[in-house]
Structures are given as C-alpha cells and as structure tokens.
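Have a look at the structure below, then the notes.
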Amino acid sequence: MAYSKKVIDHYEKPRNVGSFDKEETNIGTGLVGAPACGDVMKLQIKVNDQGVIEDAKFKTFGCGSAIASSSLVTEWVKGKTLEQAACIRNTEIAHHLALPPVKIHCSILAEDAIKAAIEDYRAKQASASLTGKVVA
Amino acid sequence: MVRSMFPNLHASVLMPAEQIYLDYQATTPCDPRVLEKMLPYFSGIFGNPHSRNHPHGWMADVIKADEREIIFTSGATESNNMAIKGVAYFYQNQKKHIITCVTEHKCVLDSCRRLEQQGFQMTYLPVQANGLIDLQTLRDAITDSTLLVSIMAVNNEIGVIQPLYEIGKICREKGVFFHTDAAQAVGKIALDVNEMNIDLLSISGHKVYGPKGIGALFVRRKPRVRMNALTSGGGQERGMRSGTLPTPLCVGLGEACALAFQEMATESERIYKLNQRLYNGLTQRLSHVYLNGDAVHRIPGNLNLSFAYVEGEGLMMGIKDLSVSSGSACTSSSLEPSYVLRALGVEEELAHTSIRFGIGRFTTKEEIDIAIDKVVGAVERLREMSPLWEMAQEGIDLKSIQWAAH
C-alpha cells in the first residue's frame, strides 16, 4: 500500500507519544477502538483552568494510518479550547493525511478519541465539583 | 551452488537493491538456470510442446507420476478449478458431494462455492489448532455420495503439511477421488502420487522458481480419473485442456521441477537452519512472540509469527526493507484478519499481529541477521507506542475491557 508523505512522516517521527497520569483531574483520557479490529487509540489531553488544551499525548496500536491520524490530532488539539477541539472532523484528518478510502476508519477513530478524551475530562470535572460541594 | 554461479543473484534477480525478499510463499523469482533453458524456445526452437515429451517427463518425476498423466495449465489456480469442477461435472449424475477444508486457497474455496450454487453438496472440514485436519472428522464426513476430497498439501499462509498419506489411504478405501493443491509443496516435501494415493495434484510454476503463467495438473490414469474439459478447442493435453501451450514456459516449469527435485534434500536442510536462526533470533530478543501452525509438520521455508500488541500492517511499514506478508487485513474493506489464522482459533487480536516470513533458495544467513535486527527494532519501537503493550505491562487483562467494536 502506498502511503502519503505525511503519513510516513508521522509514522516515522510520531509527535507526542506517551502517557499522562490518568488519575489527575486535569487529564482527559480517550481509549477507542478494539484489539480484535486491529486498531486501538489512546489519546490524552491536559487541560488548564481556562479550558484550553495545553498538552496532548497518544499511544496507538494499529496500521501506519492509524498511528499518523492520532499523532496528527495531538498536534491539532494543542492550544485549542475544548469546544474548538470537539469540532475537529475526521474528514479534515483524512484530507490532511491523504488517506485512501480503506483508511478512512482511522480518521474516524481519531475523531472519536478526541471526543472520548473531552468527555472523560468533563465527567471528571463534574464529579470533582460535586465532591467539592459535599466537602464544603 | 546457484549462488557461486551467479554471485549477484539476490541483488539482480530480486527487486531493488537493499530490499530483502522474505515472501517466498507469495511467489519465487525465476531461477536463472531455468531462464537459460527457456530462452532458446522463444526464438530458435519453436517446436510444439505437445509433441515433445521432456517437460512432461521432468514434471512427472518430481511427484513420481507417469509423463502421460501431466497436463499443462496456466497455473495452480486453473489446475484447481479444472480438478474440482471438471471432476464434479463429469460425475454429477452419480455423486454430488465434495469435501474440502476451511484453510484452502481461495481458488479452491471459490470453486467449491460455485459448485454449491449449482446444486453440489459441500463439506468444509475444520482444522485443529495446529492447522491440520482431523482424520477421524474426514472419515466421518465421507458418505456414499462423496465424489471428491480436496485437501491442500501445504498451506500457503502457515506452511503446515497435511497428512497426505493418511488422507489418501482413507479416500482409496472409501472409493473417493483425492485431489491435492500442491502449489506450496512441490520441491519442498517428498511427494509420491502412488504411495499417497493421490488422484489429482495441482502444481504452480512461479512457486518453484519457474516462470509465471504456467502450472500443471496431474490426473491419474490407473484407476482412471475422468473429467469434463472446461475449455473447448483443439483437444490438446488429452482433450482436457485445449489451446496451444507456451513452449518456453513448459520447458521452464519442467526445468524448475527437475532442479527442485535434485536439490530438495540439501536445500531443505539449509533453509531449515535459516528458519531456526530467524525464529531463535527473534524469540530470544522479543517476548510474546507466537508461532502460528504446527511446529513440526511444516515446510522449512515458512515462519508465521504473531507479535502480540503490535499490529501487523503497522509493523510491515516499520520493516519496509523486508518483503513479508501480514495476516492483518487492515487494508481490506472487511477489516477481517486472515481466515486461515481465524480457522486455527487464533484470536482476532493476535491474528492482526501476524507476519509471514518466507525463506527460499536465494535467502542468505546475512539477510536473516539483518531481518532479525530490523524486526526487533520495529517491534520494540511500536510496543513503546502501543496502548495494549502499556496495559499488559501494568497487569491489566485486555479481555476485561469493554472494547467498542467499530
């Protein structure tokens, strides 16, 4: 399969590989996909008090396109507010990486990973503020 | 021997420089000695191969058949189609049940599906975890209406050798024809159509260092196997396969079989050592590497391994200087991993991590050592990047997670 230059670049020099402590309240973790389908992405975002994503990390089990898609979104979400990050569409990812039709699912998974990470962060904030009120 | 005659062989015959070819079950390069034999037939000698007995005879030797039992075809795909459909159509008024196996090559399975649509009954035998069929299951599947058993000699993905002698014995005892797709077996294991009671046997040219576009089918004369021809025409090849044969290709296949036969013993030993060198080199440096298919009943040239927590296609991209195949079907629209590995009961997640290494005539020890380094490097890098590897290291049971299938 012929990969685009951008996919190869992200595959060979993946950005932001790694993990944050998922127990931290300012971290949102999204784990999407399934081993049986051949793709699993873990995307983590670190969010500051202003609701801006100041850092992101990923780990991916999958083909070159899956690795490139997740690497790319770690770059894209940085500096964005949660609302802005939630607006990233798989079509933009697929277009940027010139993914062939059979690899579109990789970009869909990356979009799902962002949403899952944001959701996780918001759920944590909600439960933290709830706990806070009880304590107060 | 061939390497001393052609010192630059692997560089010149195979692909771009620096590329290491380890995909000998996919196809093999034409041996220069075969090409040399073929060349005169493209120009000077333009005789008709139907009137020359040589290539038929060389072919026959490798499977211990009679030269009159060999029919040239365009390849193993055509041979398999001919054997299964040709026999089915001829005997359809007497018997309409055919037995094959779930790990057969697509051309066998698709021929069977076609017959099924036309009213034949099929039994697709399962395989055991080692990739071999169970003989009792075969015996139990045979009924009074069973016409043909078609079981491959050597599997193309996992290299396992089916118990041909035992299958042949059961078939002969029950009065059922036995066809075997031997595309991956010729020149790799000893074949004897009489001892093994094989009635039909398919051969491929490009899997035995011969040219592409040529193959053969052995059709037993005593007791005679009859079949309907799938092509109509001048009645060449005993009326079973009309059409003028490509003389240079027939000569090439004959020579390729002769060479494979002569060198089988020494080559098997050499290739087995390379196989063990590769297996040991990888498993000593990497944990969680699993062999797919029986460890003993397999051809020396095949090593099919699952590298847990690393997806196969992603791994292939990391070892792009090595030509190998993956059981992961990430490129296919179905996203289904190899049906062969699934039939063995290999879990889908492990099937996605499999790589097939094919070692062959032109593989060197140096190439194996380079391959080990490259694979180890890529697997280590990708495991560091794999969320599954991270979870496994943390002691999380991946099966305890509710994965959302997509």
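Taking only region A:35-69 into account, find how many residues are in contact with a Pro (Cβ under 8 Å, 6 or more places away or on another chain) and hydroxyl-bearing (Ser, Thr, Tyr).
Number satisfying all stated conditions: 1.
Any residue in region B:304-313 that is open to solvent by 40 Å² or more (accessible area, probe 1.4 Å), modelled with pLDDT under 95 and not in a helix (DSSP H, G or I)? Full working, then the answer.
Kept after step one, since they are open to solvent by 40 Å² or more (accessible area, probe 1.4 Å), are these residues of region B:304-313: B:309.
If we keep only those that are modelled with pLDDT under 95 as well, we get none.
So far as region B:304-313 goes, no, none of its residues is open to solvent by 40 Å² or more (accessible area, probe 1.4 Å), modelled with pLDDT under 95 and not in a helix (DSSP H, G or I).
Could you grab the pairs with beta carbons closer than 9 Å, sequence gap of 6+ or different chains, first residue in region A:104-125 and more than 13 Å from chain B (Cβ to nearest Cβ) and part of a helix (DSSP H, G or I), second one among the aromatic types (Phe, Trp, Tyr) and surrounded by fewer than 21 Cβ atoms within 10 Å (Cβ to Cβ)?
A:Ile114/A:Trp76
Give region B:194-236 a look and list any residue that's of a type in the set (D, E, K, R) and open to solvent by 20 Å² or more (accessible area, probe 1.4 Å), or say none.
So the first thing to find is which residues in region B:194-236 are of a type in the set (D, E, K, R), and the list is B:195, B:199, B:207, B:212, B:220-222, B:224, B:226.
Result: B:Glu195, B:Lys207, B:Lys212, B:Arg221, B:Lys222, B:Arg224, B:Arg226.
Taking region B:344-354, which residues are under 18 Å from B:Leu398 (Cβ atoms), at pLDDT 90 or above and assigned to a loop (DSSP other than H, G, I, E, B)?
Passing the criteria: B:Gly345, B:Val346, B:His352, B:Thr353.
With the structure loaded, tell me whether B:Ser328 is under 21 Å from B:Val127 (Cα atoms) and either at the interface with chain A (Cβ under 8 Å from one of its Cβ atoms) or of a type outside the set (D, E, K, R) (or both) or whether it fails that test.
So B:Ser328 fits the description; yes.
Consider region A:25-55. How many of its residues are out of contact with any helix residue (DSSP H, G or I) (no Cβ under 9 Å at 6 or more places or on another chain) and part of a loop (DSSP other than H, G, I, E, B)?
Here the count works out to 3.
Tell me yes or no: at least one residue of region B:165-181 is buried (at least 18 other Cβ atoms within 10 Å of the Cβ) and in contact with a Lys or Arg (Cβ under 7 Å, 6 or more places away or on another chain). If you could, list the steps in order and put the result at the bottom.
Our first condition is that a residue be buried (at least 18 other Cβ atoms within 10 Å of the Cβ); within region B:165-181, this holds for B:167-168, B:170-171, B:176-181.
The next check asks that each one be in contact with a Lys or Arg (Cβ under 7 Å, 6 or more places away or on another chain); those that pass are B:170.
Scanning region B:165-181, I find at least one residue that is buried (at least 18 other Cβ atoms within 10 Å of the Cβ) and in contact with a Lys or Arg (Cβ under 7 Å, 6 or more places away or on another chain), so the answer is yes.
Only one residue in A:Lys80, A:Lys13 is away from every other protein chain (no Cβ under 14 Å), open to solvent by 10 Å² or more (accessible area, probe 1.4 Å) and over 10 Å from the mean Cα position of the chain (by Cα), so which one is that?
Selected residue: A:Lys80, the only one of A:Lys80, A:Lys13 that is away from every other protein chain (no Cβ under 14 Å), open to solvent by 10 Å² or more (accessible area, probe 1.4 Å) and over 10 Å from the mean Cα position of the chain (by Cα).
Suppose the filter is more than 9 Å from chain A (Cβ to nearest Cβ), under 22 Å from B:Ala185 (Cβ atoms) and at pLDDT below 95; does B:Leu341 pass it?
Numbers: more than 9 Å from chain A (Cβ to nearest Cβ): yes; under 22 Å from B:Ala185 (Cβ atoms): yes; at pLDDT below 95: yes.
Answer is yes for this residue.
Go through region B:351-371 and count every residue that is open to solvent by 10 Å² or more (accessible area, probe 1.4 Å) and more than 22 Å from the chain's Cα centre (by Cα).
5
Applying the selection to region A:16-59, what residues are on the phi > 0 side of the Ramachandran plot and at the interface with chain B (Cβ under 10 Å from one of its Cβ atoms)?
Taking region A:16-59 and keeping what is on the phi > 0 side of the Ramachandran plot, we get A:16, A:18, A:33, A:38, A:51.
Result: A:Gly18, A:Gly33, A:Gly38.
The values are calculated or read from the model by the stated rules, or taken from the named source; none is laboratory data. Just so we're clear, the structure is a prediction, and the values are computed from it rather than from any experiment. Positions of Cβ are backbone-derived with ideal geometry, glycine not excepted, and every protein chain shown enters the neighbour counts. Just the protein is used for accessible areas: all its heavy atoms, side chains included, with ligands, DNA and RNA removed. Shrake-Rupley method; radii C 1.70, N 1.55, O 1.52, S 1.80 Å.
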